[in-house]
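Trainee: Attaching a single structure in structure tokens format; questions to follow.
No value in this document is a laboratory result; all are computed from the given coordinates. Keep in mind the model is a prediction, meaning the values are calculated, not measured. Positions of Cβ are generated from backbone atoms using ideal geometry, with glycine treated the same way; all protein chains shown enter the neighbour counts.
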């Protein structure tokens, strides 16, 4: 979308790895050289760790591409496999063209295969990506593969690639053997601010940019929001270019970057947690944790083993026990509720009658005698007759009928009450609803289509500022009334037509008019209007609609025209 606007040939900040955009800083070049040396020198076990989004996969692909044809590579991208599935996947990656049903058959065939490769003066490399997902049993199986050797010559190199928490796994006492065999352990860290600057400018240059699109302030903001993680840098920069294109900004500044970071929910200046990606850092364990290892009677969690049948039986008994307790409590509560709810019919009738008497007394200003309190009179008279009449008029027809049947003029009694009417003598009560010009029923607190048209015209307009899609205060008032009307009339439909002025690029104006119409639709849906009853049309500049708005360069064209179609049309 923004390629032509910024004169680019390719999207510079794609998430997927592309060799054309491979940028290697000093730390990346060092990691590549160290790992390549470990493979070619048959070092056995190698480990590359790093936080999420630091570029491990990119560096891994660069390493594989740099190896010659004399190195056979098997890459396992999903280590969360069962044992035999893992063995068969490795065999398929080495192109053995054989499927195995037992571990013994696989190991025999693998040993003969590795000896044959060694005779051809070639090397084998097994890469396990996302190694932090390896379970304990499979990790031990991988370690045993390294025992296949000849005259102290390693026949297979095993390369672990994963997140920093893999170091916590190999630091467990049960994994001492595999930890001691790792000869190269390299941790790739995030980019610095200067490296972030070089990274962004390099990718823009490869994409075809001949000028600096991001200002120095914008690059500093990108670094603070991303903490130097290449993946976050790509996401923020790509969103910034899209936002700049929509706003027709040739330069991306820190304000645009901050806006994009807020849209992406990326916190500002989140500190990078200390990594445990090196053996030296991993050795810095808290003193309490270190001392607990030497306390007699304290068994490490990794060595604590339970019988699976006993564990299952324990949980089954626990679930049954909890279910019985819950059932007992529910029965007790139900019995208590039934006992409390046992009321005789006479008591119920008396309670209802007393409640009706008090309510009617409040409305009519009557004096009520409480039969339970001898000699005590309760005065519920209202401050004025107007308040009583207003309270009756605000009620629904059903409640009015109920009150007419139960109110008394002076003293309430258990005997049938006489009706009271709020209408003047010889008159009738005013209706609670009316019909508007379109044949729609309008309640006393409702709004009709005629009222909206009389106040805002046949086609209400929501106006916008220059190059803006934000609503003003008056627009909220218009949309609030329209939303109320639609909620009263579920069959009503709306057609939203977005307009812009004629200045600028037509394609951009069409997009902006679509944004404006969608903004109005989003607000109406948020107020409860059904999404399916609203349609939007991007009219762009100079087009006419139901309002017959003339083509103009003035701000009168920056608007959304709302056509309201009543259910009866």
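Trainee: So what's the gap between the Cα centers of segment 137-193 and segment 223-254, to the nearest angstrom?
Mentor: 37 Å
Trainee: Treating segment 115-227 as a set of equal point scatterers at the Cα positions, no solvent, please give the Debye-formula log₁₀ I(q)/I(0) at q = 0.16, 0.20 Å⁻¹.
Mentor: Results for segment 115-227 at q = 0.16, 0.20 Å⁻¹ read -0.83, -1.03.
Trainee: Kindly give Rg over Rh for segment 192-263, based on alpha-carbon atoms, with the Kirkwood expression for the hydrodynamic radius.
Mentor: When Rh is taken as the Kirkwood radius, the ratio is 0.92.
Trainee: Next question. If you stretched the chain out fully between residue 136 and residue 98, how much longer would it get, using 0.36 nm times the residue separation minus the C-alpha to C-alpha distance?
Mentor: Full-extension gain reported as 11.0 nm.
Trainee: Okay, next question. Kirkwood Rh over Cα pairs of segment 42-188 into Stokes-Einstein at 25 °C, 0.890 mPa s: D in µm²/s?
Mentor: 156 µm²/s
Trainee: Rounded to the nearest 0.05, what FRET efficiency is calculated for residue 310 and residue 122 with R0 set to 41 Å and r the Cβ-Cβ distance?
Mentor: So, using R0 = 41 Å, E works out to roughly 0.25.
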